[in-house]
Amino acid sequence: LSEKLGGILDRLTGRGALSEADVDAAMREIRRALLEADVALEVVRSFTERVREQAVGATVVKSVKPGQMVVKIVHDELVATLGSDVQALDLNTVPPVPIMMVGLQGSGKTTTTAKLARRLTERDKRKVLMASLDVYRPAAMEQLAVLGRDLGIDTLPIVAGQQPAQIARRAIEAAKLGGYDVVMLDTAGRTTLDEAMMTEAAEIKAVANPHEVLLVADSLTGQDAVNLARAFDTQVGLTGIALTRIDGDGRGGAALSMRAVTGKPIKLMGTGEKTDALEDFHPSRIAGRILGMGDVVSLVEKAAATLDAEKAAAVAEKMRKGKFDLVDMRDQLLQMSKMGGIGGLMGLMPGIAKMKNQIAAAGIDDKILNRQIAIIDSMTREERKNPDILKASRKKRIAAGCGLKVEDVNKLLKMHRNMADMMKAVGRGKGGPMAGLAKA
Ligand code: GDP
Ligand code: MG
């Protein structure tokens with residue numbers, strides 16, 4: 001079976017390459033999708049540039065549209081940028097292993113501390129001590145203590161009046177004495193990035209020498225995600241990122257932004273408020289979301305439709321000017337078959353209902369579009385440009401060339417005449433029913 005499949009794949013490769021025009025049209029859609037997903041602008045720029053370089057000239061597998069090809073490249077690059085493999089926490093050092101959580105206020109540090117402690121306890125059978133270093137918010141330490149009690153996980157006893165770095169030192173000592181495997185340090189955040197927060201985090205880090213420093217960040221963070229991640233990484237030093245509120249309706253652009261500017265892996269995802277709502281990071285899931293609710297195919301179609309709409313508009317302009325030869329008609333037929341038939345094309349050209357009737361009258365259905373194209377392909381260049389020279393002998397030759405009857409050639413020519421006449425009429429009457437066509 002696999003041999004057979006391999007043979008098919010072999011035959012499908014090497015049938016042309018993506019053109020710059022294909023890629024440009026698709027890139028516009030990709031750019032929009034990334035910005036809508038709240039990926040930071042600077043990351044969108046560098047990302048699309050990278051994809052562009054890969055896409056231009058890439059081989060298009062037959063039966064796949066160029067746009068689909070581009071989206072495949074985009075998707076793969078997204079997954080590669082986000083990190084193809086699951087990045088586990090590194091606990092590989094002499095216990096107690098210190099893990100430090102940093103981030104803005106409300107990002108989910110305390111919740112994620114409890115979630116991770118629960119997972120390390122229940123799944124990995126580690127003995128965990130949690131310590132709150134948040135001396136600013138009145139109820140912060142109590143919040144962690146309550147979570148610890150509910151989970152049956154120890155928290156460092158609260159001592160009033162200590163500085164965060166002192167508490168960190170005390171936590172490490174307690175963990176050593178108590179024979180803990182892991183000691184989790186839940187730090188205080190502020191509502192915005194500021195020097196005081198960075199200085200304090202750096203101090204705690206110097207005292208605790210944490211094996212993991214995780215930036216806890218809300219996945220709904222927009223354009224600020226790059227500044228946030230960059231500041232914590234350069235001023236404190238990160239080993240990874242924990243993304244919270246994946247259960248929200250965000251598109252996950254922050255993940256790409258933060259990963260791209262720091263190069264640090266996203267190690268965990270918070271998927272709810274409860275302490276069991278913690279998962280390993282899945283790049284393909286986030287990539288799908290960034291591209292638009294996981295529906296890669298719809299994006300592909302959108303990109304492809306843009307391409308076709310531009311070509312259709314160009315043909316419509318020619319029609320309006322009364323210049324409509326068989327070469328244009330062939331383009332038109334090709335567009336129709338590409339877009340899944342007459343209905344699709346008409347949707348792009350408002351006000352053209354009359355022509356739709358003409359085509360229907362000529363007995364064209366989607367299945368015979370290819371035959372029509374074959375007839376035009378059997379003509380010489382001269383004949384296509386000037387159908388009037390087509391007399392009986394030429395028609396016979398053309399019919400023979402494409403394996404059809406002279407009758408079929410006549411039908412095609414009649415349809416062309418009808419379309420051309422109608423276009424001329426439209427071109428003359430500026431106030432006619434299709435006056436807006438050129439802008440369509
Ligand atoms: P901190 O200030 O960084 O310690 O943030 P907290 O851990 O106190 O979390 C702030 C709020 O966000 C709380 O109401 C949490 O329940 C909520 N939260 C944290 N993580 C998640 C998550 O992954 N999903 C959802 N829906 N809510 C979360
Ligand atoms: Mg907190």
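Taking the criterion of being outside any loop (DSSP other than H, G, I, E, B) and of a type outside the set (Val, Ile, Thr), the residues of the stretch 69-103 that qualify are Met69, Lys72, His75, Asp76, Glu77, Leu78, Ala80, Leu82, Pro98, Met100, Met101. Does the stretch 86-97 contain any residue that is within 16 Å of ligand 1 (Cβ to nearest atom), modelled with pLDDT of 95 or more and surrounded by 17 or more Cβ atoms within 10 Å (Cβ to Cβ)? Checked against the condition, which is being within 16 Å of ligand 1 (Cβ to nearest atom), modelled with pLDDT of 95 or more and surrounded by 17 or more Cβ atoms within 10 Å (Cβ to Cβ), the stretch 86-97 yields no hits at all. Look at Glu142 and say whether it is more than 16 Å from ligand 1 (Cβ to nearest atom) and either in contact with a Ser or Thr (Cβ under 7 Å, 6 or more places away or on another chain) or free of Cβ contacts under 8 Å to residues at least 40 places away in the same chain (or both). Here the answer is no, as Glu142 does not meet what is asked.
Taken residue by residue, the stretch 102-114 has at least one member that is over 23 Å from Glu203 (Cβ atoms) and within 16 Å of ligand 1 (Cβ to nearest atom). Each residue in the stretch 256-275 was checked for being within 11 Å of Ile241 (Cβ to Cβ) and not in a helix (DSSP H, G or I), and 7 pass.
Within the stretch 106-114, identify whether any single residue is buried (at least 22 other Cβ atoms within 10 Å of the Cβ) and outside the structural domain of Ile172 (by TED's automatic domain parsing), and answer yes or no. Reasoning before the result, please.
Residues of the stretch 106-114 that are buried (at least 22 other Cβ atoms within 10 Å of the Cβ), as a first pass: 107-114.
Pick out the ones that are also outside the structural domain of Ile172 (by TED's automatic domain parsing) and you get none.
Looking for residues that are buried (at least 22 other Cβ atoms within 10 Å of the Cβ) and outside the structural domain of Ile172 (by TED's automatic domain parsing), one finds none in the stretch 106-114, hence no.
Scanning the stretch 190-221 for residues that are in contact with a helix residue (DSSP H, G or I) (Cβ under 7 Å, 6 or more places away or on another chain), surrounded by fewer than 23 Cβ atoms within 10 Å (Cβ to Cβ) and not hydrophobic (A, V, I, L, M, F, W, C) gives Arg190, Glu200, Glu203.
Among residues of the stretch 97-145 being in contact with a helix residue (DSSP H, G or I) (Cβ under 8 Å, 6 or more places away or on another chain) and small (Gly, Ala, Ser), the one that is nearest to Ala229 (Cα to Cα) is Gly103. Report yes if Leu214 is within 18 Å of the chain's Cα centre (by Cα) and in contact (Cβ under 8 Å) with a residue 40 or more places away in the chain, otherwise no. No. For the stretch 142-153, the tally of residues that are over 39 Å from the mean Cα position of the chain (by Cα) and crowded, with 21+ Cβ neighbours inside 10 Å stands at 1. In the stretch 264-277, the residues that are over 14 Å from Thr113 (Cβ atoms) and without any contact (Cβ under 8 Å) to a residue 60 or more places away in the chain reach residues that are of a type in the set (D, E, K, R) and buried (at least 19 other Cβ atoms within 10 Å of the Cβ) with C-beta atoms within less than 8 angstrom, at least six apart or across chains, in these pairs: Lys264/Asp233. Residues in the stretch 129-141 that are away from ligand 2 (no atom under 11 Å from the Cβ) and either within 38 Å of the chain's Cα centre (by Cα) or of a type outside the set (Val, Ile, Thr) (or both): Leu129, Met130, Ala131, Pro138.
The values are calculated or read from the model by the stated rules, or taken from the named source; none is laboratory data. Owing to the predicted nature of the structure, the values given are computational and were not obtained by experimental measurement. A quick note on method: Cβ atoms are made from the backbone with ideal geometry, for glycine too, and the neighbour counts reach across all protein chains shown.
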